[in-house]
Amino acid sequence: MSGPPIVTVEGVTKRFGPTLAADRISLDIEEGEFFALLGPSGCGKTTLLRLLAGLERPDAGRILIDGQDMSGVATNKRPVGMVFQSYALFPHMSVAENVAFGLKVDRVPTAERRRRVAETLAVVKLGDLADRRPHQLSGGEKQRVALARALIRRPRLLLLDEPLSALDAQLREAMRGELAQIQKAVGVTFLFVTHDQQEALAVASRCAVMNAGVLEQVGTPRDLYQRPVSRFVAHFIGQVNLFPGRMTRAPGGAVGFLSPEIAGAIPVETCEPLAEGPVWMAVRPEEIDLATQPETLTGEAWITGTVIRSAYLGNHSMIQVMAGGRALRVMHVSPGAEVPNAGDDVWLSWRPQASRILYR
(Lines give C-alpha, C1' and ligand atoms only; values in the text may rest on other atoms or scores of the structure.)
Protein backbone atom coordinates (compact mmCIF):
# COMPACT_ATOMS: atom_id res chain seq x y z
CA MET A 1 0.00 0.00 0.00
CA SER A 2 1.54 3.30 -1.12
CA GLY A 3 -0.59 5.46 1.19
CA PRO A 4 -3.78 5.46 3.22
CA PRO A 5 -6.77 3.97 1.37
CA ILE A 6 -9.27 6.39 -0.11
CA VAL A 7 -12.14 4.17 1.10
CA THR A 8 -12.22 2.22 4.36
CA VAL A 9 -15.24 0.11 5.30
CA GLU A 10 -15.05 -1.12 8.89
CA GLY A 11 -17.40 -3.86 10.07
CA VAL A 12 -20.42 -2.45 8.24
CA THR A 13 -23.73 -4.23 8.77
CA LYS A 14 -27.07 -3.37 7.16
CA ARG A 15 -30.44 -5.08 7.58
CA PHE A 16 -33.71 -4.60 5.77
CA GLY A 17 -36.19 -6.27 8.09
CA PRO A 18 -35.14 -9.92 8.42
CA THR A 19 -32.74 -9.67 5.45
CA LEU A 20 -29.06 -9.20 6.25
CA ALA A 21 -27.88 -7.26 3.19
CA ALA A 22 -24.38 -6.50 4.51
CA ASP A 23 -22.80 -8.66 7.18
CA ARG A 24 -19.83 -7.08 9.02
CA ILE A 25 -18.10 -6.02 5.80
CA SER A 26 -14.55 -4.65 6.04
CA LEU A 27 -12.77 -3.41 2.94
CA ASP A 28 -10.06 -0.99 1.82
CA ILE A 29 -9.92 0.60 -1.64
CA GLU A 30 -6.73 2.29 -2.85
CA GLU A 31 -6.66 5.72 -4.42
CA GLY A 32 -6.73 5.51 -8.22
CA GLU A 33 -7.99 1.91 -8.32
CA PHE A 34 -10.57 0.57 -10.72
CA PHE A 35 -12.29 -1.63 -8.14
CA ALA A 36 -15.15 -4.00 -8.99
CA LEU A 37 -17.83 -5.21 -6.60
CA LEU A 38 -19.03 -8.49 -8.04
CA GLY A 39 -21.79 -10.92 -7.18
CA PRO A 40 -25.21 -12.29 -8.15
CA SER A 41 -28.45 -10.37 -7.78
CA GLY A 42 -29.39 -9.89 -4.14
CA CYS A 43 -25.87 -10.45 -2.77
CA GLY A 44 -25.62 -6.97 -1.19
CA LYS A 45 -23.32 -5.20 -3.64
CA THR A 46 -25.78 -2.41 -4.48
CA THR A 47 -26.54 -1.99 -0.78
CA LEU A 48 -22.83 -1.40 -0.14
CA LEU A 49 -22.75 1.10 -3.00
CA ARG A 50 -25.71 2.99 -1.52
CA LEU A 51 -24.06 2.99 1.90
CA LEU A 52 -20.97 4.60 0.39
CA ALA A 53 -23.12 7.18 -1.40
CA GLY A 54 -25.04 8.01 1.79
CA LEU A 55 -28.35 6.81 0.33
CA GLU A 56 -28.51 4.27 3.17
CA ARG A 57 -27.14 4.37 6.72
CA PRO A 58 -25.31 1.40 8.26
CA ASP A 59 -26.80 -0.31 11.33
CA ALA A 60 -23.27 -0.95 12.62
CA GLY A 61 -19.71 -0.11 11.61
CA ARG A 62 -18.46 2.96 9.80
CA ILE A 63 -17.30 4.20 6.41
CA LEU A 64 -14.37 6.55 5.84
CA ILE A 65 -13.74 8.36 2.54
CA ASP A 66 -10.47 10.23 2.22
CA GLY A 67 -9.91 9.67 5.93
CA GLN A 68 -13.19 11.35 6.95
CA ASP A 69 -15.86 9.42 8.82
CA MET A 70 -19.03 9.63 6.72
CA SER A 71 -21.39 9.13 9.68
CA GLY A 72 -23.96 11.88 9.44
CA VAL A 73 -22.52 13.32 6.20
CA ALA A 74 -25.30 13.96 3.68
CA THR A 75 -25.15 12.48 0.18
CA ASN A 76 -24.60 15.84 -1.51
CA LYS A 77 -21.73 16.66 0.87
CA ARG A 78 -19.73 13.50 0.18
CA PRO A 79 -16.79 13.57 -2.28
CA VAL A 80 -18.62 10.97 -4.36
CA GLY A 81 -20.14 10.87 -7.84
CA MET A 82 -22.57 8.24 -9.09
CA VAL A 83 -23.51 6.81 -12.48
CA PHE A 84 -26.86 5.03 -12.45
CA GLN A 85 -27.89 2.01 -14.47
CA SER A 86 -30.65 4.02 -16.18
CA TYR A 87 -28.32 7.05 -16.85
CA ALA A 88 -31.09 9.39 -15.51
CA LEU A 89 -30.47 12.07 -18.16
CA PHE A 90 -32.78 15.08 -18.43
CA PRO A 91 -34.59 14.63 -21.78
CA HIS A 92 -35.29 18.36 -22.28
CA MET A 93 -31.63 19.34 -21.89
CA SER A 94 -28.79 19.11 -24.37
CA VAL A 95 -25.72 16.98 -23.72
CA ALA A 96 -23.79 20.05 -22.54
CA GLU A 97 -26.64 21.16 -20.28
CA ASN A 98 -26.91 17.70 -18.74
CA VAL A 99 -23.20 17.62 -18.02
CA ALA A 100 -23.21 21.17 -16.61
CA PHE A 101 -26.24 20.61 -14.35
CA GLY A 102 -24.30 19.83 -11.17
CA LEU A 103 -22.03 22.83 -11.62
CA LYS A 104 -25.06 25.05 -12.12
CA VAL A 105 -26.57 23.78 -8.87
CA ASP A 106 -23.22 24.55 -7.20
CA ARG A 107 -23.39 28.06 -8.69
CA VAL A 108 -20.12 27.75 -10.56
CA PRO A 109 -19.67 30.87 -12.78
CA THR A 110 -20.80 30.53 -16.39
CA ALA A 111 -17.35 30.86 -17.97
CA GLU A 112 -15.90 28.23 -15.63
CA ARG A 113 -18.85 25.93 -16.35
CA ARG A 114 -18.36 26.16 -20.10
CA ARG A 115 -14.64 25.48 -19.82
CA ARG A 116 -15.10 22.42 -17.60
CA VAL A 117 -17.95 21.07 -19.76
CA ALA A 118 -15.77 21.31 -22.87
CA GLU A 119 -12.86 19.61 -21.09
CA THR A 120 -15.02 16.79 -19.71
CA LEU A 121 -16.82 16.14 -22.99
CA ALA A 122 -13.42 15.88 -24.68
CA VAL A 123 -12.34 13.24 -22.15
CA VAL A 124 -15.40 11.09 -22.95
CA LYS A 125 -15.14 11.84 -26.69
CA LEU A 126 -18.45 13.67 -26.99
CA GLY A 127 -17.23 17.17 -27.84
CA ASP A 128 -19.01 17.20 -31.21
CA LEU A 129 -22.35 16.10 -29.67
CA ALA A 130 -22.68 18.88 -27.09
CA ASP A 131 -25.89 20.31 -28.61
CA ARG A 132 -27.77 17.03 -29.06
CA ARG A 133 -30.62 15.85 -26.85
CA PRO A 134 -30.60 12.41 -25.17
CA HIS A 135 -33.14 10.93 -27.62
CA GLN A 136 -30.64 11.61 -30.44
CA LEU A 137 -27.90 9.53 -28.79
CA SER A 138 -27.01 5.86 -28.90
CA GLY A 139 -26.89 3.77 -25.72
CA GLY A 140 -23.12 4.08 -25.49
CA GLU A 141 -23.26 7.86 -25.98
CA LYS A 142 -25.88 8.20 -23.22
CA GLN A 143 -23.66 6.19 -20.93
CA ARG A 144 -20.74 8.53 -21.59
CA VAL A 145 -22.92 11.61 -20.95
CA ALA A 146 -23.88 10.15 -17.56
CA LEU A 147 -20.21 9.47 -16.87
CA ALA A 148 -19.23 13.03 -17.85
CA ARG A 149 -21.96 14.52 -15.64
CA ALA A 150 -20.56 12.59 -12.65
CA LEU A 151 -16.89 13.37 -13.41
CA ILE A 152 -17.32 17.10 -13.96
CA ARG A 153 -17.78 17.73 -10.24
CA ARG A 154 -14.34 16.17 -9.66
CA PRO A 155 -15.33 13.51 -7.15
CA ARG A 156 -12.69 11.61 -5.20
CA LEU A 157 -14.70 8.41 -5.70
CA LEU A 158 -17.00 7.49 -8.59
CA LEU A 159 -19.66 4.83 -8.00
CA LEU A 160 -20.96 2.99 -11.07
CA ASP A 161 -24.06 0.83 -10.57
CA GLU A 162 -24.27 -1.75 -13.39
CA PRO A 163 -23.56 1.05 -15.92
CA LEU A 164 -23.27 -1.24 -18.96
CA SER A 165 -26.24 -3.55 -18.35
CA ALA A 166 -28.58 -1.64 -20.70
CA LEU A 167 -26.22 -2.03 -23.68
CA ASP A 168 -26.14 -4.89 -26.18
CA ALA A 169 -23.30 -7.41 -25.89
CA GLN A 170 -21.07 -5.95 -28.61
CA LEU A 171 -21.39 -2.35 -27.37
CA ARG A 172 -20.94 -3.48 -23.78
CA GLU A 173 -17.61 -5.05 -24.66
CA ALA A 174 -16.46 -1.88 -26.44
CA MET A 175 -17.54 0.32 -23.52
CA ARG A 176 -15.50 -1.77 -21.05
CA GLY A 177 -12.35 -0.64 -22.81
CA GLU A 178 -13.53 2.97 -22.98
CA LEU A 179 -14.34 3.01 -19.26
CA ALA A 180 -10.87 1.72 -18.42
CA GLN A 181 -9.24 4.36 -20.65
CA ILE A 182 -11.33 7.18 -19.15
CA GLN A 183 -10.56 6.05 -15.59
CA LYS A 184 -6.85 5.99 -16.36
CA ALA A 185 -7.04 9.44 -17.97
CA VAL A 186 -8.86 11.17 -15.11
CA GLY A 187 -7.23 9.22 -12.25
CA VAL A 188 -10.43 9.07 -10.21
CA THR A 189 -11.06 5.97 -8.08
CA PHE A 190 -13.83 3.90 -9.68
CA LEU A 191 -16.05 1.49 -7.75
CA PHE A 192 -17.84 -0.57 -10.37
CA VAL A 193 -20.79 -2.77 -9.36
CA THR A 194 -21.68 -5.66 -11.67
CA HIS A 195 -23.04 -9.21 -11.70
CA ASP A 196 -21.07 -9.96 -14.89
CA GLN A 197 -17.78 -11.66 -13.97
CA GLN A 198 -16.29 -11.20 -17.45
CA GLU A 199 -16.98 -7.47 -17.20
CA ALA A 200 -15.29 -7.22 -13.81
CA LEU A 201 -12.25 -9.27 -14.79
CA ALA A 202 -11.81 -7.24 -17.99
CA VAL A 203 -11.60 -3.79 -16.38
CA ALA A 204 -10.80 -4.04 -12.67
CA SER A 205 -7.42 -3.92 -10.97
CA ARG A 206 -9.01 -5.67 -7.97
CA CYS A 207 -12.39 -7.26 -7.29
CA ALA A 208 -14.48 -8.12 -4.25
CA VAL A 209 -16.85 -11.08 -4.58
CA MET A 210 -20.01 -10.90 -2.46
CA ASN A 211 -22.45 -13.66 -1.55
CA ALA A 212 -25.57 -13.27 0.62
CA GLY A 213 -24.27 -10.11 2.28
CA VAL A 214 -20.82 -11.55 2.99
CA LEU A 215 -17.52 -10.56 1.40
CA GLU A 216 -16.23 -13.91 0.13
CA GLN A 217 -12.86 -12.83 -1.32
CA VAL A 218 -10.95 -9.73 -2.40
CA GLY A 219 -8.10 -9.92 -4.89
CA THR A 220 -6.84 -9.30 -8.39
CA PRO A 221 -8.74 -10.96 -11.25
CA ARG A 222 -5.89 -13.48 -11.54
CA ASP A 223 -6.09 -14.27 -7.79
CA LEU A 224 -9.83 -14.86 -7.92
CA TYR A 225 -9.57 -17.13 -10.95
CA GLN A 226 -6.46 -19.11 -10.04
CA ARG A 227 -6.72 -19.08 -6.25
CA PRO A 228 -10.40 -19.05 -5.19
CA VAL A 229 -10.97 -19.52 -1.46
CA SER A 230 -14.39 -21.17 -1.71
CA ARG A 231 -16.61 -23.20 -3.99
CA PHE A 232 -18.82 -20.14 -4.46
CA VAL A 233 -15.96 -18.02 -5.80
CA ALA A 234 -14.64 -20.88 -7.96
CA HIS A 235 -18.08 -21.32 -9.53
CA PHE A 236 -18.84 -17.61 -9.89
CA ILE A 237 -15.51 -16.68 -11.50
CA GLY A 238 -15.41 -18.74 -14.69
CA GLN A 239 -16.13 -22.43 -15.06
CA VAL A 240 -14.77 -25.09 -12.73
CA ASN A 241 -14.86 -28.83 -12.06
CA LEU A 242 -15.16 -29.81 -8.39
CA PHE A 243 -14.28 -33.20 -6.90
CA PRO A 244 -15.30 -34.08 -3.31
CA GLY A 245 -12.75 -35.88 -1.19
CA ARG A 246 -10.53 -35.73 1.88
CA MET A 247 -6.93 -34.99 2.76
CA THR A 248 -4.48 -37.78 3.55
CA ARG A 249 -0.83 -38.19 4.43
CA ALA A 250 1.43 -40.74 2.74
CA PRO A 251 3.91 -42.81 4.81
CA GLY A 252 6.73 -40.51 3.67
CA GLY A 253 4.90 -37.45 4.97
CA ALA A 254 3.60 -36.09 1.66
CA VAL A 255 0.13 -34.57 1.75
CA GLY A 256 -2.41 -35.76 -0.81
CA PHE A 257 -6.04 -35.59 -1.85
CA LEU A 258 -8.17 -38.72 -2.06
CA SER A 259 -11.43 -38.91 -4.00
CA PRO A 260 -13.51 -41.96 -4.90
CA GLU A 261 -13.78 -40.51 -8.41
CA ILE A 262 -10.03 -40.15 -9.16
CA ALA A 263 -7.37 -42.84 -9.48
CA GLY A 264 -4.82 -42.69 -6.69
CA ALA A 265 -3.89 -39.97 -4.20
CA ILE A 266 -3.02 -36.62 -5.77
CA PRO A 267 -0.09 -34.74 -4.18
CA VAL A 268 -1.09 -31.21 -3.18
CA GLU A 269 0.26 -28.22 -1.30
CA THR A 270 -1.82 -27.48 1.78
CA CYS A 271 -1.55 -25.74 5.14
CA GLU A 272 -1.11 -27.65 8.37
CA PRO A 273 -2.91 -29.17 10.13
CA LEU A 274 -4.70 -31.46 7.71
CA ALA A 275 -8.39 -30.66 7.31
CA GLU A 276 -10.81 -33.03 9.01
CA GLY A 277 -13.95 -33.79 7.09
CA PRO A 278 -14.73 -33.16 3.43
CA VAL A 279 -12.76 -30.87 1.13
CA TRP A 280 -13.03 -30.21 -2.59
CA MET A 281 -10.54 -30.15 -5.44
CA ALA A 282 -11.14 -27.45 -8.08
CA VAL A 283 -9.79 -27.89 -11.63
CA ARG A 284 -10.47 -25.42 -14.44
CA PRO A 285 -11.61 -26.82 -17.83
CA GLU A 286 -8.52 -25.54 -19.68
CA GLU A 287 -6.20 -27.40 -17.26
CA ILE A 288 -7.56 -30.83 -18.23
CA ASP A 289 -5.97 -32.85 -21.03
CA LEU A 290 -8.29 -35.12 -22.99
CA ALA A 291 -7.06 -38.35 -24.58
CA THR A 292 -8.80 -41.07 -26.53
CA GLN A 293 -6.12 -43.61 -25.55
CA PRO A 294 -4.78 -44.04 -21.98
CA GLU A 295 -1.14 -44.28 -23.10
CA THR A 296 -1.22 -40.61 -24.21
CA LEU A 297 -2.14 -39.25 -20.76
CA THR A 298 0.11 -36.38 -19.71
CA GLY A 299 -0.98 -35.61 -16.12
CA GLU A 300 -0.57 -37.44 -12.83
CA ALA A 301 -4.24 -37.31 -11.86
CA TRP A 302 -6.62 -39.07 -14.21
CA ILE A 303 -10.23 -40.19 -14.58
CA THR A 304 -12.17 -42.04 -17.28
CA GLY A 305 -15.46 -40.93 -18.76
CA THR A 306 -17.83 -40.80 -21.70
CA VAL A 307 -18.44 -37.76 -23.90
CA ILE A 308 -21.94 -36.34 -23.50
CA ARG A 309 -21.69 -33.53 -26.03
CA SER A 310 -19.19 -31.17 -27.61
CA ALA A 311 -19.54 -27.61 -28.86
CA TYR A 312 -17.21 -26.18 -31.49
CA LEU A 313 -16.43 -22.54 -30.57
CA GLY A 314 -13.88 -21.56 -33.22
CA ASN A 315 -10.52 -21.51 -31.48
CA HIS A 316 -11.50 -24.27 -29.07
CA SER A 317 -14.16 -26.86 -28.32
CA MET A 318 -15.98 -27.19 -25.00
CA ILE A 319 -16.59 -30.85 -24.25
CA GLN A 320 -18.82 -32.30 -21.55
CA VAL A 321 -17.74 -35.64 -20.16
CA MET A 322 -19.70 -37.85 -17.77
CA ALA A 323 -17.12 -39.19 -15.33
CA GLY A 324 -17.45 -40.47 -11.79
CA GLY A 325 -21.17 -39.73 -11.76
CA ARG A 326 -20.79 -36.04 -12.67
CA ALA A 327 -20.63 -33.95 -15.84
CA LEU A 328 -17.17 -32.39 -16.27
CA ARG A 329 -16.21 -29.54 -18.60
CA VAL A 330 -13.06 -29.82 -20.69
CA MET A 331 -11.68 -27.09 -22.96
CA HIS A 332 -10.10 -28.79 -25.98
CA VAL A 333 -7.74 -26.35 -27.73
CA SER A 334 -5.81 -28.44 -30.25
CA PRO A 335 -6.30 -26.73 -33.66
CA GLY A 336 -7.16 -29.23 -36.33
CA ALA A 337 -7.33 -32.14 -33.87
CA GLU A 338 -10.29 -34.47 -34.14
CA VAL A 339 -12.89 -33.78 -31.44
CA PRO A 340 -14.45 -36.90 -29.87
CA ASN A 341 -18.12 -37.52 -30.48
CA ALA A 342 -20.94 -38.13 -28.02
CA GLY A 343 -20.67 -41.67 -26.68
CA ASP A 344 -16.87 -41.94 -27.09
CA ASP A 345 -14.83 -43.14 -24.11
CA VAL A 346 -12.07 -40.74 -23.09
CA TRP A 347 -9.40 -40.31 -20.45
CA LEU A 348 -8.93 -37.01 -18.62
CA SER A 349 -5.74 -35.99 -16.82
CA TRP A 350 -4.20 -32.93 -15.22
CA ARG A 351 -1.12 -31.85 -13.27
CA PRO A 352 -1.50 -31.59 -9.48
CA GLN A 353 -0.27 -27.97 -9.70
CA ALA A 354 -3.35 -27.15 -11.77
CA SER A 355 -5.72 -28.01 -8.93
CA ARG A 356 -6.83 -26.00 -5.90
CA ILE A 357 -8.02 -27.46 -2.57
CA LEU A 358 -11.09 -25.72 -1.15
CA TYR A 359 -12.21 -26.11 2.43
CA ARG A 360 -15.67 -24.56 2.09
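Among the residues making up the range 197-225, those that are of a type in the set (Asp, Glu) and closer than 22 Å to residue 177 by Cα are 199, 223.
For the range 197-225, what are the residues that are touching a residue at least 12 places away in the same chain (Cβ under 8 Å), closer than 18 Å to residue 161 by Cα and not hydrophobic (A, V, I, L, M, F, W, C)? Across the range 197-225, the qualifying residues are 197, 199, 205, 206, 211, 213.
Residues of the range 85-105 include at least one that is modelled with pLDDT under 95 and touching a strand residue (DSSP E or B) at 6+ places or on another chain (Cβ under 6 Å). Scanning the range 84-95 turns up no residue that is over 21 Å from residue 162 (Cα atoms), of a type in the set (Val, Ile, Thr) and surrounded by fewer than 22 Cβ atoms within 10 Å (Cβ to Cβ). Within this structure, residue 201 passes the test of being out of contact with any Asp or Glu (no Cβ under 8 Å at 6 or more places or on another chain) and surrounded by fewer than 23 Cβ atoms within 10 Å (Cβ to Cβ). Here residue 159 meets each of (1) more than 22 Å from residue 34 (Cβ to Cβ); (2) in contact with a Leu (Cβ under 9 Å, 6 or more places away or on another chain) with one exception, condition (1).
Kindly establish whether residue 228 is within 29 Å of residue 158 (Cβ to Cβ) and free of Cβ contacts under 8 Å to residues at least 24 places away in the same chain. No.
Restricting the range 147-167 to residues that are more than 19 Å from the chain's Cα centre (by Cα) and in a loop (DSSP other than H, G, I, E, B), the residue that is farthest from residue 88 (Cα to Cα) is 156.
Residues 306, 270, 248: which one is out of contact with any Cys (no Cβ under 8 Å at 6 or more places or on another chain), polar (S, T, N, Q) and at pLDDT 90 or above? When all the criteria are applied, what remains is 306.
The values are calculated or read from the model by the stated rules, or taken from the named source; none is laboratory data. Quick caveat: nothing in here was measured; it's all calculated off a predicted structure. When we count neighbours, we look across all protein chains shown, and the Cβ atoms used for this are built from the backbone with ideal geometry, even at glycine.
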